[in-house]
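Report on the following structure.
Any read-out appearing in this document is the output of simple, stated calculations on the displayed coordinates, not a laboratory observation. Here the structure is a predicted model, which is why all the values come from computation and not from measurement. Virtual Cβ from ideal backbone geometry, glycine too; neighbours counted across all protein chains shown.
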C-alpha cells in the first residue's frame, strides 16, 4: 500500500471471536454481537466485548503496579516514532541479554522484537518471551519502548519480573504484534491506543511505515 | 506535544462509562469492568463492552448497505493522509452545499468539518449535521473522506440519505471527532481503525499532525 512514497505495514492482530489469546483463556476471547441488521432494522450495528489485553495492545504500569499510570497520560508522540525491528527469529525459548547485546541498541530507541512467534501459527501458551535479564538490559540502555510478536512479553515469570523491569524504567510495552511481513530494519511506528480513561491497557491498530 | 518538529493533536473522544452517545441511547454507553485488581490478584486487568459507533469511529458501508464493505478491506494509506480542517462554526443547524461551496474543496481531499459541536458541551441529540445536499456536493467533487465533530454525520434524515450519498461515492466517514483544539488549515491525519473482522465500523484513536 502506498501513501506517496511510503509503504504501510499492518502489524496488528485481526480481531475475531476465535482469535488466539494469552494462555488460551476463553474469557479473553472477544464477543462480537450484531445488535441490528437489515432483517430487523434499517442499519447494521454491532458491539464488542473484549479484554483490554486481547490482540495488539499497549500496557500501562497500572497493569502491574498499584498506583501505576493509565492510558490517558500516554504522550502520543512517543508512539509516533522511529523504531527498529530486530530479527530474533533464531531464538528458541526466550530472549536474553546475550541475544540483544549484538543489536546495537541505543538510548531512546523503540525496538520491536521479531521472533519465531511471527513465523508460525500464533502460540497461546509456549510463546517466545523476553527474559528478565533481557528486560534489565533494555532498561539499563534506557530505551523508549519495546514491542513483541507474542501474546505477552513474559508468560510464567515469578512476580511479573519482565514487565516490572521495563515499567520501572518507563519503557512502553506493546504486545500482540504481527511482524511476519517486516524484515529487520528502521521504520516509522504508529501505535495510538484507544483513549479508555483510567484503564491499564488499550487496544491499538499498530502500523509501520517504511520510508 | 512534540515529535521532532511535529505537533500531535488528539482529535478523539475520551472513552468513559458516561460519555455522550448518539441520541443519548443508554445501550450505546461503554461498560468498563475491572476483572482483576490488586485486592484479588497480582495484576490489574479490565475489559470493555462497547457499541462500535460509540466515540470516535470509522463507518464502513455495511452500516447502511446490505452487501456493504467491512473494516478489514480499508486501505490504511487512505487514513494516513493529508487533510483539511474546515471552519464551519458559524453554521446553525446543518451543513449545506452553500456552506461548503466557498471552501475550495478538491477531488481526493479528506475534509474534517469543525462545527459548533466542538465549541459547546457535546450534544447527544440536536447536533449540527451534514445535510443531504452537502453530502451530494462532496460526492460530486469526489473527495476521499469526511469527518465531523458530532456523534453522527446525520441525525434524523429519511433513509439515511447523507450516509448513502457519501457511501455510494466511496467516501470514508469519520464520526465523533473532537476538533476544539485545531484551527482551519492543513494537517496530516492518522486514523487507524481497530481491525475487527467483518464489522461495519470500528473505533479509532484519531490524531492530527501539524507539520
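Please order A:54, A:81 by the number of other Cβ within 10 Å, starting at the fewest.
Lowest count first: A:81, A:54.
Relative contact order for segment B:113-171 using alpha-carbon pairs under 8 Å, separation at least 6, rounded to a whole percent? Mind dumping the intermediate values first?
Working: 65 pairs, mean separation 25.3, N = 59.
This gives 43 percent for segment B:113-171.
Rounded to two decimals, what ratio of Rg to Rh does segment B:150-201 give with C-alpha atoms and a Kirkwood Rh?
Here Rg/Rh amounts to 1.00.
Express the relative contact order of chain B as a whole percentage, based on alpha carbon pairs under 8 Å and six or more residues apart in sequence.
Rounded, it is 30 percent for chain B.
Over 10 Å intervals from 0, what percent of Cα-Cα pairs in segment B:107-194 sits in each interval?
For segment B:107-194, the pair-distance distribution reads 17, 50, 31, 2.
Would segment B:1-80 count as rounded, prolate or oblate if I go by the C-alpha gyration tensor, calling it rounded below 1.5 in a/c and otherwise prolate when a/b exceeds b/c, oblate otherwise?
Numbers: a/c = 1.87, a/b = 1.22, b/c = 1.53.
Verdict is oblate for segment B:1-80.
When chain B is treated as a GNM, springs tying every alpha-carbon pair under 10 Å, which of B:67, B:161, B:175 comes out with the largest mean-square fluctuation?
B:67
With a 10 Å cut-off between alpha carbons and a GNM built on chain B, which of B:25, B:186, B:84 moves the most?
It is B:25.
Measuring label to label, 7 Å along Cα→Cβ, what does residue A:41 give against each other copy in nm, shortest first?
Shortest to longest, the spacings are 3.2 nm.
Taking each residue in B:27-37, count the Cβ atoms of any other chain within 10 Å of its Cβ, then average. What number comes out?
Averaged over the peptide's residues, the number is 3.
Place the label 7 angstrom along Cα→C-beta at residue B:73 and in each other copy, then list the distances from the first to the rest in nm, shortest first.
Those separations, rounded to one decimal, come out as 4.4 nm.
Among chain B residues, which Cβ is nearest the axis of the B-onto-A rotation, and at how many Å?
With distances in whole Å, chain B gives B:49, 2.
Take every Cα pair under 8 Å in segment B:14-83 that's 6+ residues apart, average their separations, divide by the length, and report that relative contact order as a whole percent.
Answer for segment B:14-83 is 22 percent.
Specify the residue with the greatest mean-square fluctuation among B:27, B:136, B:72, computed from a Gaussian network of chain B linking alpha-carbon atoms under 10 Å apart.
Looking only at B:27, B:136, B:72, the largest GNM fluctuation is found for B:27.
At residue A:18, label 7 Å along Cα→Cβ: distances to the other copies, nm, ascending?
So the distances to the same position in the other copies read 4.2 nm.
Run the Debye formula on the Cα coordinates of the protein assembly as shown, all scatterers equal and no solvent, and tell me log10 I(q)/I(0) at q = 0.06, 0.10, 0.12, 0.15 1/Å.
These q points yield log10 I(q)/I(0) values of -0.24, -0.67, -0.95, -1.41.
At 1.567 mPa s and 4 °C, plugging the Kirkwood radius over alpha-carbon pairs of segment A:58-168 into Stokes-Einstein gives what diffusion coefficient in µm²/s?
Values: Rh = 14.5 Å.
Calculated translational D: 90 µm²/s.
Tell me, how many Å apart are the Cα centres for segment B:1-51 and for segment A:175-211?
Here the answer is 18 Å between Cα centres.
Using the scaling law 2.2 N^0.38 Å as the reference, what is the normalised Cα Rg of chain B?
1.03
Tell me, B:126, B:109, B:149 in order of fewest to most beta-carbon neighbours within 10 Å? Present the calculation step by step, with values, prior to reporting the outcome.
Working: B:126 11, B:109 20, B:149 29.
So the ranking, lowest neighbour count to highest, is B:126, B:109, B:149.
Quick check on the exposure proxy: order B:127, B:38 from fewest to most C-beta atoms within 10 angstrom.
The most exposed by this proxy come first: B:38, B:127.
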